[in-house]
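Here's the structure we're looking at; comments come further down.
The values are calculated or read from the model by the stated rules, or taken from the named source; none is laboratory data. Worth saying up front: this structure is predicted, and the values here are computed from it rather than measured. Positions of Cβ are generated from backbone atoms using ideal geometry, with glycine treated the same way; all protein chains shown enter the neighbour counts. Just the protein is used for accessible areas: all its heavy atoms, side chains included, with ligands, DNA and RNA removed. Shrake-Rupley method; radii C 1.70, N 1.55, O 1.52, S 1.80 Å.
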Amino acid sequence: MTARAPIDSSPFNDLLIVDIGGTVASGYAGKLYADYGARVVNLEPPEGFSTRHIAPLLDNGTSSIHAYLHANKQSVCWTDSVLTHPAIVAADLVILDVSTLPTSLAVDDFETNVCAISWYGLTGPYAGFRGSDASIHALTGLMHGIGETDGPPIIPTGYQAQVIGGLSAFNGSLGFLLGRLIKGRERSDAFCLDASIWEANMCLTDIGAAISFNDQPMPKRLGINRFAPTYPLGIWPCKDGWLGVTVLNPSQWTAFCQLLGLDDLATESKYQSSMARLDDVAIIEPRILKALSEQSAQDLFYRGQGMRIPLARVPTMEELFTVDQYLERSAFSEYSSEGEAFLAPSCPFRLVETPPYFGGDSVPLGAHNSSWARETSTADDAKGVNGSHSMGEVDWSTTQGPLQGLVIVDLSMGWAGPLATRNLADMGATVIKIEGCTRFDWFRSWEATEEWINSNGAEKEVRFINLNRNKLDVTLDFESKAGRELLLRLVGQADAVIENFSGGVLPKLKLNYPALRQENPQLVMVSMPAFGGTGPWAAFRAYGSTVEQSSGLPHLQGSEHQPPTMLHVAFGDAIAGLYGTAALLTALFHKKKTGKGQAVDLSQVECLLPNAMHGVVHQSIKGEPPARRGNFNPDYFIHGVFACIDDDDWILIQVQTEQQWRSAVAHISTLRPYAGLSPEHRQNKAEEIVCSVEEWTVTCSARQMMRDLQSIGITAIALNSASDLMDDPHLLARGYMQFVSHPFMGEQPHPSAPWRPGESAIPIGTSAPTLGQHNREILGGLLGLSDSQLAKLNKDGVIGNKPRIKLP
């Protein structure tokens with residue numbers, strides 16, 4: 001599908017966004033604005049953005065990655081002062097990346113709204129460190145958990161950390177721009193956001209840090225595609241391809257065994273426990289592999305999903321373009337650069353009434369110089385929600401947040417949806433979480449027992465506490481007539497609803513968008529099923545692991561001798577949550593301008609496709625995927641994860657330039673025999689050089705080496721595990737973890753929002769609510785129910801504040 005013609009009703013059609021960063025992160029943030037109609041201007045230095053040189057290159061010599069990031073944007077070269085350029089003066093938002101900011105400029109020099117992206121944040125002991133996508137994965141703890149048990153940990157490929165960082169920067173900046181619309185801020189009230197790529201990526205691992213704080217055991221690295229406590233979970237070969245498997249509960253295990261003809265395993269009582277299955281992996285897995293090898297992955301996928309088992313067909317890069325689900329949804333679009341076209345991921349969330357661009361063209365350097373010449377452009381062109389005074393005029397940290405006054409009804413459960421609404425709650429929106437006493441959020445627990453109920457187990461799950469701070473909680477059995485009616489009344493007073501049910505659930509209850517819109521014609525509703533709301537897979541079941549498997553991303557990780565390699569036990573959940581935030585904010589911004597609500601269709605699996613863009617465009621252009629080389633990277637002289645003096649302690653070292661090589665040779669004594677080698681000879685002796693580096697690293701502390709190597713200009717990062725995150729010096733210095741009291745768990749750590757409008761993080765007001773904690777406040781106060789009415793609802797089981805065991 002090619003780019004649609006722009007329409008006047010696009011959500012961002014009157015916004016002017018200027019990108020002076022020129023990195024993948026700033027480019028992706030700008031891309032999301034451009035996808036929905038903003039006028040995005042790349043203000044580039046005379047030599048152009050660095051993204052113009054990222055491989056793979058098209059036959060015409062231009063970068064496909066650059067073309068993907070910068071389709072439907074303008075390009076202007078600056079030659080004089082950036083600060084006085086007409087585009088900067090007129091901008092509603094300037095996106096910059098601190099790593100590429102000219103040395104003559106500082107973030108505070110800009111007199112407009114600014115989103116300042118950086119690897120580690122503008123403050124803290126690592127603020128001046130060199131960074132990379134790999135360095136972020138090292139610091140978050142993600143990398144530490146990937147790979148063989150004895151290591152080394154595997155470096156994720158591509159630009160995934162920057163994609164997440166750019167998405168997060170889009171969310172933060174759009175939230176504050178929306179806040180200006182809501183509050184009618186004057187032009188002088190500009191904001192400056194500190195958008196840390198590291199903190200953006202912490203959404204993948206911050207739950208692990210909280211679990212560690214509570215002295216709960218943290219799983220060790222168990223090997224490729226092995227994540228406790230779930231088993232079977234992995235990617236296994238069939239006779240015609242790869243099948244992704246995630247089997248969590250007893251009913252899924254029974255169905256999976258039946259699917260493969262392993263009925264004796266299904267009836268083994270101890271295998272009703274996932275951990276017991278993992279303990280007996282040496283017995284179970286050979287039988288699973290044999291059964292799979294005799295059958296078709298495609299056939300097993302469809303049959304298994306018909307039995308409600310969350311299986312995934314794990315497509316290669318080549319197969320991605322022919323998957324029926326992705327074809328029907330136009331998951332890939334045509335992009336072009338100077339007349340040469342290729343396929344790349346489409347925007348993964350679709351506003352139904354005002355859809356995004358699908359694909360588009362990237363322009364040559366300076367293509368719009370004339371339209372921004374000083375004699376033809378003036379600051380009077382500024383419109384939208386621009387600000388024009390120095391940073392710090394608005395102290396959002398002492399207010400109730402830019403989104404104060406918005407009301408979101410949250411029907412989602414688990415990880416993805418609650419993370420989406422946590423971000424809005426952090427910015428001040430009122431988020432009303434709806435649960436049932438028998439159908440409570442599964443992050444409280446997968447099932448209820450009398451012992452668990454009596455011990456208040458529903459209030460003690462760290463995962464739930466992490467994702468649901470700053471929210472209100474109401475219990476409603478909306479499968480009942482009374483509960484459904486109350487939900488409809490709540491929706492009538494809301495700005496938006498978000499849900500992540502499997503396709504078909506809400507239509508069956510007559511609670512889908514057409515039904516809810518009858519109660520509230522201006523309603524925004526974001527639906528985020530695993531595969532989107534349309535297509536042959538719309539009703540299929542999935543977990544975050546299923547989503548990662550279905551995206552093809554595992555085919556880009558690890559080495560050729562390894563199976564397609566997963567990065568996380570539930571990689572798709574957190575990333576889909578960030579896009580859920582983006583979807584809500586985009587539709588709410590449009591609603592605030594026009595008064596019109598609409599449905600938004602978000603596909604969680606499509607949310608992972610931009611993370612795989614380096615493989616997708618390589619396949620489209622070259623007709624083959626990039627080689628899987630493990631931690632080796634031919635663009636670097638040294639690129640690896642090396643063992644250190646302590647047990648399971650590792651350091652990432654990346655040496656790319658000649659200057660860095662000379663610095664490394666001078667500092668690392670075991671490299672001196674290679675000092676005189678030409679770059680070509682270094683490549684030929686890459687394995688020897690890796691071994692020589694590790695001879696040195698095994699005698700040293702990872703953190704000390706990190707400091708020493710960073711001081712001489714080399715990207716070096718000590719790998720954190722999840723348990724290290726609570727004590728990381730940089731996170732401590734930035735006050736990243738905020739402690740808030742919880743009635744059943746005491747003081748609990750909460751990760752700060754990944755964007756902050758000053759040196760301090762946005763304060764977290766309240767911990768996660770208890771089940772039904774705000775029934776009286778919302779149902780009584782907001783909807784006006786009397787005490788007797790509330791008592792009857794409680795007696796009838798429509799509301800309550802304790803879980804109940806669902807009767808057969």
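Once neighbouring chains are kept in place and the probe is 1.4 Å, which whole percent of the accessible area of the chain is contributed by carbon and sulfur?
51 percent
In square angstrom, rounded to the nearest 10, how much accessible surface does Phe632 have for a 1.4 Å probe?
The accessible area comes out at roughly 90 Å².
Residue by residue, what Karplus-based ³J(HN,Hα) values in Hz, rounded to whole numbers, does the range 461-475 have, using 6.51, -1.76 and 1.60 with θ = phi - 60° and x for Gly and Pro?
7, 4, 4, 5, 4, 4, 8, 10, 5, 6, 10, 9, 10, 10, 9
Could you list which residues have their amide H under 5 Å from that of Val41, counting only those 5 or more apart in sequence or on another chain, with H placed in the peptide plane?
The list, which skips near neighbours in sequence, is Ile17, Val18, Asp19, Gln74.
For the range 256-293 and the range 626-684, what is the separation of their C-alpha centers, rounded to whole Å?
43 Å
Enter the Cα centre distance for the pair the range 74-102 and the range 329-373, rounded to the nearest angstrom.
21 Å
Which residue, chosen from His568, Gly145, Asn249, occupies the Cα position most advanced towards the positive end of the dipole of the chain, where the dipole is computed from +1 (Lys, Arg) and -1 (Asp, Glu) charges on Cβ about the Cα centre?
Sorting the options by dipole projection puts first Asn249.
Nearest-5 percent of antiparallel DSSP beta bridges in the chain? Can you show the working numbers first?
Working: 37 of 78 bridges.
Restricted to the chain, the bridges split so that about 45 percent are antiparallel.
Kindly write out, for the range 342-359 in residue order, the coupling ³J(HN,Hα) from the Karplus curve 6.51 cos²θ - 1.76 cosθ + 1.60 (θ = phi - 60°), rounded to whole Hz, with x marking Gly and Pro.
Whole-Hz 3J(HN,Hα) from phi for the range 342-359: 7, 9, 8, x, 7, 5, x, 10, 10, 6, 5, 7, 10, x, x, 5, 10, x.
Would you kindly find the accessible area of Asp796, with a 1.4 Å probe and non-protein molecules such as ligands, DNA and RNA excluded, rounding to the nearest 10 Å²?
90 Å²
Quick one: which residues, 5+ away or cross-chain, put their amide H under 5 Å from the amide H of Val431? H built at 1.01 Å from N.
Counting only residues 5 or more places away or on other chains, the set is Ile408, Leu472.
Please give the Cα centre distance for the range 189-204 versus the range 113-135, rounded to the nearest Å.
Going from one Cα centre to the other spans 9 Å.
Among the listed pairs Lys460/Lys481; Lys183/Lys433; Lys471/Lys792; Lys471/Lys795; Lys592/Lys802; Lys220/Lys460, give every one whose C-alpha distance is greater than 28 Å.
In this structure, Lys460/Lys481; Lys592/Lys802 exceed 28 Å between Cα atoms.
Select from Ala722, Met745, Pro514 the residue farthest towards the positive end of the dipole of the chain; place +1 on Cβ of Lys and Arg, -1 on Cβ of Asp and Glu, and compute about the Cα centre.
The listed residue farthest towards the positive side: Pro514.
Taking the dipole about the Cα centre of the range 184-238, with the C-beta of Lys and Arg at +1 and of Asp and Glu at -1, give me whichever of Ile197, Leu222, Ile207 is farthest to the positive side.
Farthest towards the positive pole: Leu222.
Which helices pass in the chain if a helix is a full DSSP H run, must span at least 27 angstrom along its long axis by Cα, and must have mean Kyte-Doolittle hydropathy not below 0.5?
Helix filter hits for the chain: 160-183.
Can you put Lys471, Lys183, Lys806 in order of accessible area, largest first, using a 1.4 Å probe?
Largest accessible area first, the list is Lys806, Lys183, Lys471.
Rank Lys433, Lys508, Lys593 by accessible area, highest first, at a 1.4 Å probe radius?
Lys508, Lys593, Lys433
What residues have an amide H closer than 5 Å to that of Asn369, excluding those fewer than 5 places away on the same chain, when H is modeled at 1.01 Å from N in the peptide plane?
Residues meeting the amide H criterion: Cys77.
Magnitude of the Cβ-charge dipole of the range 668-776, K/R +1 and D/E -1, about the Cα centre, nearest 20 debye?
Working: 8 positive and 11 negative charges, 74 e Å.
It comes to approximately 360 debye.
So how exposed is Glu759, as accessible area in Å² (1.4 Å probe, rounded to 10)?
My reading of the accessible area for Glu759 is about 150 Å².
Could you order Thr51, Thr103 so the one with the most accessible surface comes first? Probe is 1.4 Å.
Order by accessible area, largest first: Thr103, Thr51.
Using a Cα-Cα cut-off of under 22 Å, which lysines could be cross-linked to Lys73, ignoring same-chain neighbours fewer than 8 residues away?
Cross-link targets: Lys31, Lys383.
Cα atoms only, the range 64-149: Rg and Dmax in Å?
Expressed in Å, the Cα Rg and Dmax of the range 64-149 come to 16.8, 56.
With +1 on each Lys and Arg Cβ and -1 on each Asp and Glu Cβ, how big is the dipole of the chain about its Cα centre, in debye rounded to the nearest 20?
Around 1920 debye, computed over the chain.
Over the Cα atoms of the range 30-107, what radius of gyration and what Dmax do you get, in Å?
For the range 30-107, the Cα radius of gyration and maximum Cα-Cα distance read 13.3, 38 Å.
Rounded to the nearest 5, what % of DSSP beta bridges with both residues in the range 1-137 are antiparallel?
Percentage antiparallel, nearest 5: 5.
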